[in-house]
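The values are calculated or read from the model by the stated rules, or taken from the named source; none is laboratory data. In this text, all values refer to a predicted model and were calculated from it rather than measured experimentally. FYI the Cβ positions are ideal-geometry reconstructions off the backbone, even for glycines, and counts take in every protein chain you see. These area figures cover heavy atoms from the full protein model, side chains too; ligands, DNA and RNA do not enter into them. Shrake-Rupley method; radii C 1.70, N 1.55, O 1.52, S 1.80 Å.
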Amino acid sequence: MKNEHVTVLEIDQKAVLHNLNYFKQKLAANTKILVVVKAFGYGTTSVAIAKIVQDHVSYFAVAYASEGIALREAGISTPILVLHPQIDNLESIIRYKLEPNLYTFRILDAFLELADKKPLLHYPIHLKFNTGLNRLGFSHEDIPAILAAIKKSNNIKVQSLFSHLAASEDANEHEFTIGQINNFAYIVQQMYKHLGYQPMLHILNTSGIVNYAKAQFDMVRLGIGLYGFGNDPKETAQLKSILTLKSVISQINTIGPGETIGYNRAFVASRPTKSATIPIGHADGISRKLGNKKGVVFVNGQPAAILGNVCMDMIMVDVSKVPCREGDEVIIFHTQEQVEYMAQQCETISYEILTALSQRIRRVVV
Ligand SMILES: *Cc1c(COP(=O)(O)O)cnc(C)c1O
């Protein structure tokens with residue numbers, strides 16, 4: 001079914017490529033780039049982002065198998081790393097030529113068994129090591145058992161060894177991060193020594209590229225930076241905003257003193273108030289924390305605060321001093337600063353504002 005919703009998230013193709021090139025120029029010419037498009041491309045839309053950058057990158061990564069399948073079904077043929085596979089998904093991972101991260105013996109053994117049963121030949125797999133995030137990955141103590149499990153198998157080929165940094169954006173954790181990188185280097189040394197070949201290596205995410213470029217190894221995993229956010233105002237200033245979230249005014253109401261707006265009558269007018277109703281609500285990712293003037297939108301270039309509670313499908317905003325008519329365009333956000341302001345008002349980070357944008361919002365590439 002065609003989405004004809006008036007609330008639209010525009011994705012600026014040129015800005016995406018600008019951001020990709022910004023990170024590229026921080027890296028050696030032969031360092032590969034993996035673009036992370038998990039969670040619908042951080043809430044934007046994974047297929048559109050993948051199509052924009054596919055000719056310039058070596059890999060994509062998704063969290064779950066279904067996200068990789070969506071890319072394959074859209075015709076994306078670039079290698080795709082599935083960061084967080086489950087045993088139930090291993091069959092479809094193979095069917096769609098996705099490459100699993102095998103992060104614990106339960107998953108590794110299940111995959112090896114399946115690979116033997118098929119049988120597969122030199123199927124690319126990735127091994128993740130935990131160096132301090134304590135989320136997913138093998139420990140360095142697992143190396144002998146990993147080697148014992150994989151060395152006798154022709155069914156798989158270790159395409160990469162990788163790890164993930166816990167605090168790459170945090171200067172106060174510099175020592176910890178260097179410790180993670182050194183731990184990874186030690187693990188790699190052990191694996192290389194006994195494996196007989198040298199898989200690709202990668203540990204850096206966006207802030208890792210910014211702060212620890214020396215540890216770029218063979219590939220980096222670029223996520224939030226591609227979407228315009230550098231986890232640091234100086235970095236973000238170098239990036240372009242790739243997103244414009246916009247809508248239109250559905251209706252304008254004018255109320256008198258003592259009258260109220262919205263559920264629970266949360267806004268009470270103390271003077272004549274003109275409000276505009278906009279078709280975007282908490283089901284679309286506009287947090288209820290932005291109600292009661294915590295959040296603003298922009299109508300004809302002027303800020304308009306959210307009045308009362310955010311509804312599921314709508315917000316009402318204060319246009320008492322803004323010349324406007326029903327049908328006029330409303331910008332929810334256009335700049336990274338506006339997204340960061342929303343994040344701050346919601347006590348969260350830009351990542352969550354983006355990934356909360358619902359699939360109901362129409363996506364358009366411009
Ligand atoms: C999400 C994710 C990334 C991307 O991180 P950014 O901070 O968005 O660049 C990289 N690696 C792994 C393992 C991830 O889960």
- Task: Please indicate, with yes or no, whether at least one residue in the stretch 187-198 is of a type in the set (Val, Ile, Thr) and either outside the structural domain of THR44 (by TED's automatic domain parsing) or more than 24 Å from VAL158 (Cα to Cα) (or both).
- Result: no
- Message: Return the pair list, or none, for Cβ contacts closer than 7 Å from residues in the stretch 4-20 that are under 16 Å from GLU329 (Cβ atoms) to residues that are among the hydrophobic types (A, V, I, L, M, F, W, C) and assigned to a loop (DSSP other than H, G, I, E, B), at least 6 apart or on different chains.
- Response: HIS5/ILE361; THR7/ILE280; THR7/ILE361; VAL8/ILE361; LEU9/LEU357; LEU9/ILE361; GLU10/VAL366
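Of ALA110, ALA65, which residue is at pLDDT 95 or above, touching a Ser or Thr at 6+ places or on another chain (Cβ under 7 Å), on the phi < 0 side of the Ramachandran plot and more than 13 Å from the ligand (Cβ to nearest atom)?
Being at pLDDT 95 or above, touching a Ser or Thr at 6+ places or on another chain (Cβ under 7 Å), on the phi < 0 side of the Ramachandran plot and more than 13 Å from the ligand (Cβ to nearest atom) holds for just one of ALA110, ALA65, which is ALA65.
Matching residues to (1) in contact (Cβ under 8 Å) with a residue 24 or more places away in the chain; (2) in contact with a Lys or Arg (Cβ under 8 Å, 6 or more places away or on another chain); (3) assigned by TED's automatic domain parsing to the domain that holds VAL37; (4) among the acidic types (Asp, Glu):
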site	(1), (2), (3), (4)
VAL210	yes, yes, yes, no
GLN251	yes, no, no, no
GLY258	no, no, no, no
GLY262	yes, no, no, no
ALA266	yes, no, no, no
LYS274	yes, no, no, no
ILE278	yes, no, no, no
- Tell me, which residue of the stretch 48-62 that is within 16 Å of the ligand (Cβ to nearest atom) and of a type in the set (Val, Ile, Thr) is most open to solvent (accessible area, probe 1.4 Å)? VAL57
- Task: Report, ordered by the first and then the second residue, all pairs with beta carbons closer than 6 Å, sequence separation of six or more or different chains, a first member in the stretch 116-142 that is within 15 Å of ARG106 (Cα to Cα), and a second member that is hydroxyl-bearing (Ser, Thr, Tyr) and within 13 Å of the ligand (Cβ to nearest atom).
- Result: HIS126/SER160; LYS128/TYR103; PHE129/SER163; LEU136/TYR103; GLY137/TYR103
- Query: Within the bounds of the stretch 153-166, is there any residue that is of a type in the set (Ser, Thr, Tyr) and modelled with pLDDT under 95?
  - Reply: yes
- the stretch 194-210 - residue that is in a strand (DSSP E or B) and surrounded by 20 or more Cβ atoms within 10 Å (Cβ to Cβ) and, of those, nearest to the ligand (Cβ to nearest atom): HIS202
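Per-residue answers, yes or no, for (1) over 30 Å from PRO279 (Cα atoms); (2) among the hydrophobic types (A, V, I, L, M, F, W, C):
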| residue | (1), (2) |
| --- | --- |
| ASN3 | no, no |
| THR7 | no, no |
| ALA15 | no, yes |
| SER58 | yes, no |
| GLY75 | yes, no |
| LEU83 | yes, yes |
| SER92 | yes, no |
| ASN101 | yes, no |
| THR104 | yes, no |
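Could you count how many residues in the stretch 85-106 are part of a helix (DSSP H, G or I) and either modelled with pLDDT under 95 or not hydrophobic (A, V, I, L, M, F, W, C) (or both)? First the steps, then the outcome.
Taking the stretch 85-106 and keeping what is part of a helix (DSSP H, G or I), we get 87-95, 105-106.
Okay, now just the ones that are also either modelled with pLDDT under 95 or not hydrophobic (A, V, I, L, M, F, W, C) (or both), so 88-89, 91-92, 95, 106.
Here the count works out to 6.
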- Message: Which numbered condition in (1) of a type in the set (Gly, Ala, Ser); (2) more than 18 Å from VAL37 (Cα to Cα); (3) in contact (Cβ under 8 Å) with a residue 24 or more places away in the chain is the only one that GLY230 fails?
- Response: (2)
- Expected single match for modelled with pLDDT of 95 or more, under 15 Å from the mean Cα position of the chain (by Cα) and open to solvent by 40 Å² or more (accessible area, probe 1.4 Å) among LYS26, LYS38, LYS14, LYS32 is LYS38
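Which members of the stretch 21-55 meet the condition of being among the small types (Gly, Ala, Ser), touching a residue at least 12 places away in the same chain (Cβ under 8 Å) and over 30 Å from ALA283 (Cβ atoms)? Before you say what the answer is, go through the steps one by one.
First, pick out the residues of the stretch 21-55 that are among the small types (Gly, Ala, Ser): 28-29, 39, 41, 43, 46, 48, 50.
Next, only the ones that are touching a residue at least 12 places away in the same chain (Cβ under 8 Å) stay: 28, 39, 41, 43, 46, 48, 50.
Correct list: ALA28 only.
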- Is it the case that GLU173 is assigned to a helix (DSSP H, G or I) and of a type outside the set (A, V, I, L, M)? yes
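Matching residues to (1) away from the ligand (no atom under 12 Å from the Cβ); (2) buried (at least 21 other Cβ atoms within 10 Å of the Cβ):
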| site | (1), (2) |
| --- | --- |
| GLY225 | no, yes |
| LYS240 | yes, no |
| LEU245 | yes, yes |
| PRO257 | yes, no |
| THR260 | yes, no |
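If I go through the stretch 68-84 residue by residue, how many of them are assigned to a loop (DSSP other than H, G, I, E, B) and in contact with a helix residue (DSSP H, G or I) (Cβ under 6 Å, 6 or more places away or on another chain)? Lay out the reasoning, then the answer.
The first filter runs over the stretch 68-84 and keeps only residues assigned to a loop (DSSP other than H, G, I, E, B), leaving 74-79, 83-84.
Within this subset, residues satisfying the condition of being in contact with a helix residue (DSSP H, G or I) (Cβ under 6 Å, 6 or more places away or on another chain) are 74, 76, 78.
The qualifying residues number 3.
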